[in-house]
Each structure stands twice: as structure tokens, then as C-alpha cells.
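Participant: Structure incoming, see below.
The values are calculated or read from the model by the stated rules, or taken from the named source; none is laboratory data. Please read all numbers here as calculations on a predicted model, not as lab measurements. Cβ coordinates were reconstructed from backbone atoms using ideal geometry, including for glycine residues, and neighbour counts include every protein chain displayed.
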Amino acid sequence: MNASSNTRAQTLPAHHARPDAQGFFGRFGGAFIPPELRRQMDEINAAYQRISRSHDFIQELRSIRTHFQGRPTPVYYCKNLTEKIGGARIYLKREDLNHTGAHKLNHCMGEALLAKFLGKKKLIAETGAGQHGVALATAGAYFNIPVEVHMGEVDIAKEHPNVVRMKILGARIVPVSRGLRTLKEAVDSAFESYLQDPVNSIYCIGSVVGPHPFPLMVREFQRIVGTESREQFLAMTGALPDNVVACVGGGSNAMGIFSAFLDDPVALHGVEPLGRGAKLGDHAASLSHGTEGIMHGFNSIMLKDSHGNPAPVHSVASGLDYPAVGPEHAYLYTTGRTHVGTATDDETIRAFFQLSRTEGIIPALESAHAIAYATKLAPQNPAQTILVNLSGRGDKDIDFVMEKYGHYAGENHCD
Ligand SMILES: *Cc1c(COP(=O)(O)O)cnc(C)c1O
């Protein structure tokens, strides 16, 4: 695996030059949106290109990361888990220790800082499980910019703790009662609200998805995860990791850590949720089982139903429940730079308990997909190292896991 990825990485173009000016990563990405929205996106892009290079922006973001978020987060060697699995040495990038307990705050603080520089009076977003809403509500509180979160009524009922968090943080929740009353309708509602006053508000996307420039901007705000962990891993071990592993929903935590290793002889593995199995509707493994198409304003690889619309998806981790991936993932996968693996719900729950019990770290169910995959990869590559992006902590998942999977806790293989 190493020899082949070595030569391949060296002959590939410089990945950090992507996307092109129209937002294309190869043929993926772009901005397939109405002209009115396109004008707004062009303005956001121009402002981002200018402001993100300014001394004041860079200094303020750096200070926020250190003093508010608690960065850098550590890289940790999982000695117990490594010994238990027997194989490659497993390391974690501890994004669970980032303020609010996940990587999402990295790009929400960046987006909100951009909004501040642009003099925006409102941050608008949709949320499904509520994690993006909570991160954005945190950023809004920090910058004293009002936050409006659109959320389907079904999700509001399901995700009570995150709804409460957003309210405590001062965000206004807009319940969406149309259609299936979940994420898709919340996206429509949020876009409508944004288009009513695009001059004074800004739409904040929660992953490396959506029209250009969001896949680029969110990746750049998440790049800190890769930059830090590359330096930390080198300092700890004297070498680069052989493998980097991250779960992929929309793909922001994976692009964040991958971006620092694209030009290195390092194998990059994105892990998709295989849910209950490979049947359409039972998983959200978009790259593994999807086809090319346009959705939510960008061209990528996605799961479609028989009418070509976004297919229903399932994952035990609500943060991975998305029928597409960001365009850069589609590009990197189809050009052979990244590998794609999967973890089922069942493998994920076992990994959730295993990491908790061997290392004293309760992972988010999303991140537990990456752990599950790493524990499959490790025995096949005993002389190697694996760096896993632990994208978040699992406190949000504990009630659900014990109610539905409590019986797993007592199994032998989880001791
Ligand atoms: C939202 C979320 C994810 C999935 O989003 P990506 O954009 O694919 O990173 C993964 N892990 C955690 C903890 C999340 O909250």
C-alpha cells in the first residue's frame, strides 16, 4: 500500500491549487444555483478571497483558536487499543477536545468572523441533528451576531438537548412545518430567509458541501486540524503517519485533516456509514454506492432514488446522514488519491464501546465509524501507523446508545 501511494502522490498535481476559479475540483463542484443566489455567492467568494488573506483576519482567527477554542488539540497514542487490536499503531487527533466537543466549531468561527468583517447582522443556517446549529449559535454568541436556525419540526422533537443548547446560547429557532418536516425542508426555508435580505445576512453551510465557495471556505477553516496534526505527529514519532482515517458525512472533518497530507506519501481513508447494509435507504455511503449528479447546488457523487432525487439515507450517526459528499471528496476518490471504506452501525457501536473502555474516551457515533475502520485496517498493516481524526465526543449520543444498544456493553469483545 505504501509503495503504490508513494509514487502516486508524487506524480499528482498540487492538490491545494483546487478548486479552480469557478469552484470545480475536476468536474465536481461548481455553483448550480439561480442567478440571484449566484450573485450573492460571487460576492461572498470575492470577500472571502480578500479578507481571509488580511493580517487582521488571520490574527483574530489565530487568537480565537488559542484562547476560545483551546487549540491546538492534542494528538494521542492509543497504547491500550493498539495492544488490544494487535497491528498498526493507532493515534487520535482529539477534536473532541475542541470547544463544544467537535470539529464543527472550526468552520463556524471562521464563517462568523467573515460575517463580522462584512458587517452582517444575522447568521442563517439549517440544521438536522442540531450539531451545526449549536456550533453556529456558539459563534453567534461570541461575536454578538444574531443566529437564526431553521429546523424541521420532526427534528426539533427528536433532538431536544441540542434545541435547548441553541436556545440557551441565544439562537432563534425557526420551526419548519412543511413537507416531511426534516432537513431538506429546513434547507429550503433557510435559503428563502437568506434571499429576503442577503445584504445584511449570511448563510453558513455546515460542511464542505453546497455551491462554490463553501466547499473551499469550509475546507480552509478546517485545514487547521491537518496542519496541527501533521506537525504533532512528526514531533511525536519522527515520521509522517502511513494512514490517515476520517469519517465522511459531508466531509468537512475529513477534508480538514486530509488537506495537510495531500502531497505526502500518506494513504488517506474516508469512512462512510454503511448503516444496516448495502440496500438503498439502509445506509449513507455516497461514494461507495452513489453516482454522479447535481444536488444542493453542486455536482458530486450522490445517492439518488429512481426519480433522480436525493435518496432516503440511514446511519446510526445522525451527523453522517447525508445523501452526497463534498465535491473535493468525489474528485480525490475518482482520481485515486483517497481510499473509501465503510463501517456498519453494528461495527460502529462496538467501536464506540471499545474506545470508551480501553482508552477512557467516549467518541461521537460519527467518529466511532473512523475508529471501527481503523481497527479493521490495523491488523492488515502491523508495521504501520494510523492517525484517526476523532471528530467529536460522544456525550450527545450516550442516552440513545444505552437505550438502543445497552446490551452490547456487556459483550466479551467490548471488555
Ligand atoms: C457533523 C459531524 C460529522 C460529519 O460531518 P463532516 O462534514 O463529514 O465532518 C462528523 N463528526 C462529528 C462529531 C460531527 O458533529
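Participant: I need a count of the residues in the range 88-114 that are closer than 30 Å to V154 by Cα and buried (at least 24 other Cβ atoms within 10 Å of the Cβ).
Facilitator: Total satisfying the criteria: 13.
Participant: A further question follows. Considering only the range 361-410, how many residues are over 22 Å from N243 (Cα atoms) and either outside the structural domain of A246 (by TED's automatic domain parsing) or assigned to a helix (DSSP H, G or I) (or both)?
Facilitator: Residues meeting the conditions: 16.
Participant: While we're on this one: Going by the structure shown, is A260 more than 16 Å from A370 (Cβ to Cβ), touching a helix residue (DSSP H, G or I) at 6+ places or on another chain (Cβ under 7 Å) and within 16 Å of the ligand (Cβ to nearest atom)? Outline the logic, then answer.
Facilitator: Values: more than 16 Å from A370 (Cβ to Cβ): yes; touching a helix residue (DSSP H, G or I) at 6+ places or on another chain (Cβ under 7 Å): yes; within 16 Å of the ligand (Cβ to nearest atom): yes.
Taking the combined requirement at face value, the residue satisfies it.
Participant: Take the residues in the range 49-87 that are over 19 Å from S356 (Cα atoms) and hydrophobic (A, V, I, L, M, F, W, C), then tell me which one is surrounded by the fewest Cβ atoms within 10 Å (Cβ to Cβ).
Facilitator: Step by step, filter the range 49-87, then rank; the result is I58.
Participant: Okay, moving on. Hey, could you check the range 374-388 for residues that are closer than 17 Å to E347 by Cα and small (G, A, S) and say which is surrounded by the fewest Cβ atoms within 10 Å (Cβ to Cβ)?
Facilitator: Among those that are closer than 17 Å to E347 by Cα and small (G, A, S), it is A378.
Participant: Determine whether the range 399-414 contains at least one residue that is buried (at least 16 other Cβ atoms within 10 Å of the Cβ) and under 25 Å from G256 (Cβ atoms).
Facilitator: Keep residues of the range 399-414 that are buried (at least 16 other Cβ atoms within 10 Å of the Cβ), which gives 401, 405, 408, 414.
Now drop any that are not under 25 Å from G256 (Cβ atoms), which leaves none.
Checking the range 399-414: not a single residue is buried (at least 16 other Cβ atoms within 10 Å of the Cβ) and under 25 Å from G256 (Cβ atoms).
Participant: Out of S288, S306, report the one residue that is away from the ligand (no atom under 13 Å from the Cβ), among the hydroxyl-bearing types (S, T, Y) and within 30 Å of L37 (Cα to Cα). Let's see the steps before the verdict.
Facilitator: Values: S288 fails: within 30 Å of L37 (Cα to Cα).
Result of the check over S288, S306: S306.
Participant: Which residue is surrounded by the most Cβ atoms within 10 Å (Cβ to Cβ), if the candidates are limited to the range 348-373 and must be in contact (Cβ under 8 Å) with a residue 12 or more places away in the chain and away from the ligand (no atom under 16 Å from the Cβ)? Step through it out loud before you land on a result.
Facilitator: Of all residues in the range 348-373, those in contact (Cβ under 8 Å) with a residue 12 or more places away in the chain come to 348-359, 361-373.
From what's left, away from the ligand (no atom under 16 Å from the Cβ): 350, 353-354, 357-359.
Details: R350: 21, F353: 21, Q354: 23, R357: 16, T358: 18, E359: 20.
If we take residues in the range 348-373 being in contact (Cβ under 8 Å) with a residue 12 or more places away in the chain and away from the ligand (no atom under 16 Å from the Cβ), then Q354 is surrounded by the most Cβ atoms within 10 Å (Cβ to Cβ).
Participant: Still on this structure, please answer the following. Looking only at the range 201-257, how many residues end up being within 11 Å of the ligand (Cβ to nearest atom) and not in a loop (DSSP other than H, G, I, E, B)? Spell out how you get there, then give the answer.
Facilitator: Step one: filter the range 201-257 for residues within 11 Å of the ligand (Cβ to nearest atom), giving 205-209, 215, 218-219, 222, 225, 246-257.
So of that shortlist, the ones also not in a loop (DSSP other than H, G, I, E, B) come out as 215, 218-219, 222, 225, 246-247, 252-257.
Count: 13.
Participant: For V340, only one of the following conditions fails: (1) in a helix (DSSP H, G or I); (2) among the aliphatic types (A, V, I, L, M); (3) within 11 Å of G270 (Cβ to Cβ). What is its number?
Facilitator: The failed condition is (1).
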